[in-house]
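The structure appears below as structure tokens.
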């Protein structure tokens, strides 16, 4: 019969793992916060700027390990039209339309429509790259012993 006596020296591994387990949630919340901030910054940078109102309508919310970035239509009600574009349409006056430089007031105008500007999507490659850098740092911390 073979009798095997095995001793494993953990060199404090159990203590290190215990310490990580108490820090992990705090680190995940920080990671989420950083990624939401990155997304918010880059969506704002890609937003078109005529008046700056659309840029200022880009909002963010963080809650623990989740978060979101969105266009607040209460601030810039036309935000979806910028993102999705519009088809040609008629704009009617009540009763007339007039603007600086117009020869005379008119009852309606034919708007040719606008091309979509998917600035959220345009921001995604930069957001993804910068978020992945943050995730790699977290993974390195997680796997170091």
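Numbers for the structure displayed
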read-out: Tensor-based shape of the chain (alpha-carbon gyration tensor, a/c under 1.5 rounded, otherwise prolate or oblate); value: prolate
read-out: Most mobile of 20, 50, 30 in a GNM of the chain (Cα contacts under 10 Å); value: 50
read-out: Approximate spin-label separation residue 80-residue 142, in nm, with each point projected 7 Å along Cα-to-Cβ; value: 3.7 nm
read-out: Computed [θ] at 222 nm, helices only, for the chain once each DSSP H run of length n ≥ 4 contributes -39500 (n - 2.57); value: -16000 deg cm²/dmol
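Bear in mind that the values in this text are calculations on the coordinates, not laboratory data. Note that the coordinates shown come from a computational prediction; the quantities given were computed from them, not determined experimentally. Don't worry about glycine lacking a Cβ; one is built from the backbone with ideal geometry, like all the others, and counts go over all protein chains shown.
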